[in-house]
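The values are calculated or read from the model by the stated rules, or taken from the named source; none is laboratory data. Quantities reported herein were computed from a predicted structural model and do not represent experimental measurements. Cβ: placed from backbone, ideal geometry, glycine included. Neighbour counts: every protein chain shown.
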Amino acid sequence: MNIEFLLLSTAGSVGLTLIFFAVKLRKAGLLRWTSSGFWALASFALYFVASPAACALSGQLHVYAASLTFVGGTGRGFFILLVTVIGICTFFITYLRTPYKPVYWKLASREQVFNVNTKLILGGFVLLGTWSLLAFKARVIGYSGERVIEGSRFVGSVTGYESNAYLFLILPLFLLLFSRKRLVHKIGLGLSLGFFAATALGAFDRFVVVSFVLGISIMNCIFRGRTLPKSTYVVVLLVLAALLQARGHSKWNSQHEFSTSAQDLWSKPLTVLTKPDVSMLPTWYVESQVVDNYRGYDYGLNTLNYVLTGWIPYRYFPEKYFMIDWFEKQRGSYDIDSYKSILYGAKPSLLGSFYEHGGIVAVILCMALSGFLCRRLDGMLSSNSPELVRALGVAIMCQLWMIWGSHDYWAINSAGAVAIPAVFVWLVSRKTRRRGWRAVAVNSEQKKVRVRTTNGRPPKLNFTLNPLRP
């Protein structure tokens with residue numbers, strides 16, 4: 001097996017595909033920091049170009065060697081390469097052909113007017129999120145409950161809501177940062193610094209730390225009307241991500257441990273791209289072999305079960321994953337030690353997750369749907385969208401780099417966690433009563449006029465909105 005040839009072929013083929021679509025994105029004005037297409041491009045480059053190339057060049061091939069031995073050679077690897085290229089092409093073709101449409105959620109005002117109800121709701125989420133952050137991440141507050149996770153399920157006395165409620169803080173913080181009032185904006189910056197410091201202490205919160213900093217950089221681009229952030233933001237973001245990757249799932253309990261991670265990164269910089277939590281392809285090789293030849297596809301039933309019942313706390317509905325458990329019994333188990341050791345805690349990337357639903361056909365269909373949804377996500381960051389919508393759009397977009405490397409049900413859970421406060425605020429917010437009308441800001445005093453839309457789209461206006469400023 002010539003593993004190096006497979007990996008370099010993968011990096012080269014996917015790289016050329018991404019260059020082609022990068023040109024297309026640039027021509028369409030979508031190769032920018034505030035575009036979900038940009039983050040899809042960056043994620044594909046990380047997982048399918050940089051990581052396999054780094055493994056081939058550094059000789060770190062043990063993970064690939066184990067996976068390819070299990071699947072019987074490099075033939076499976078080249079097949080997955082073909083599926084990857086087809087999936088990427090499907091995504092970008094759909095993304096580029098989907099028309100841009102600002103998202104309003106029928107809210108009556110562009111700048112969200114907080115009433116007593118919305119303040120109480122956000123306050124409740126902030127209190128719950130702060131308690132979760134201090135109890136389970138920063139470990140400042142003692143809690144006697146037992147946190148037990150089996151197969152990604154919280155089966156102990158601590159529920160998933162309690163453990164992950166700190167994610168509820170992201171939307172309120174982004175709302176504060178979006179405020180046009182300088183005092184409110186500064187308060188948001190201060191609280192954001194505290195959130196960053198507390199989450200950085202956690203051993204399993206690396207993606208949250210990086211995503212939060214990335215979200216702030218996205219908002220800065222929105223404020224400044226920039227295509228890309230300043231080089232300082234990019235350097236800080238890359239160094240932070242590399243240091244956290246070098247640290248792994250552990251904590252910096254001392255300055256010596258931090259300096260050790262920094263020295264390891266300096267002496268072996270490619271190791272951040274060769275670790276198993278970045279190498280998604282070996283997992284995809286094995287899982288595709290298993291579903292094609294042994295277990296069969298799940299046809300999306302597992303993901304559907306997560307969508308329908310995953311939001312219900314386990315302690316109140318222990319049988320909430322009934323569909324998954326039933327279907328797993330029908331498929332039968334495949335108990336091979338090597339299979340378990342390869343797949344334990346690993347992720348096949350979002351494309352690999354789609355493959356489990358129905359092979360290459362499912363990849364094409366799901367990637368087309370992803371392209372459509374990502375273009376709609378761009379509409380949430382429109383300058384005419386309400387601040388509630390824009391804050392949620394940033395909160396989801398800043399996670400895309402990690403979502404593309406994970407399972408689809410993880411993506412749903414992660415996006416849903418930051419969206420829950422927005423949904424409750426939206427339910428009690430004032431909305432437009434007449435269909436086909438939009439509220440548009442006309443001047444710095446934020447006076448509102450109702451404008452009749454045509455075919456569901458706002459008409460062209462002969463005035464411009466003042467740019468947002470922090």
Scan of the stretch 239-279 for residues that are modelled with pLDDT of 70 or more, polar (S, T, N, Q) and not in a helix (DSSP H, G or I), ordered by number: Thr274, Ser279
Quick one: which residue in Ala391, Ala439 is modelled with pLDDT of 50 or more and closer than 26 Å to Ile121 by Cα? Ala391
For Ala415, work out the one condition from (1) buried (at least 22 other Cβ atoms within 10 Å of the Cβ); (2) among the small types (Gly, Ala, Ser); (3) within 9 Å of the chain's Cα centre (by Cα) it doesn't fulfil. (1)
Of the candidates Arg32, Arg76, the one satisfying the condition of being charged (D, E, K, R) and not in a helix (DSSP H, G or I) is Arg32
Hey, does the stretch 37-47 have a residue that's touching a residue at least 60 places away in the same chain (Cβ under 8 Å), farther than 16 Å from Phe5 by Cβ and either of a type in the set (D, E, K, R) or in a loop (DSSP other than H, G, I, E, B) (or both)? no
Looking for something part of a helix (DSSP H, G or I) and either among the polar types (S, T, N, Q) or free of Cβ contacts under 8 Å to residues at least 60 places away in the same chain (or both) - is there at least one such residue anywhere in the stretch 104-116? yes
Of all residues in the stretch 296-348, which are more than 21 Å from Asn164 (Cα to Cα), at pLDDT 75 or above and polar (S, T, N, Q)? Asn302
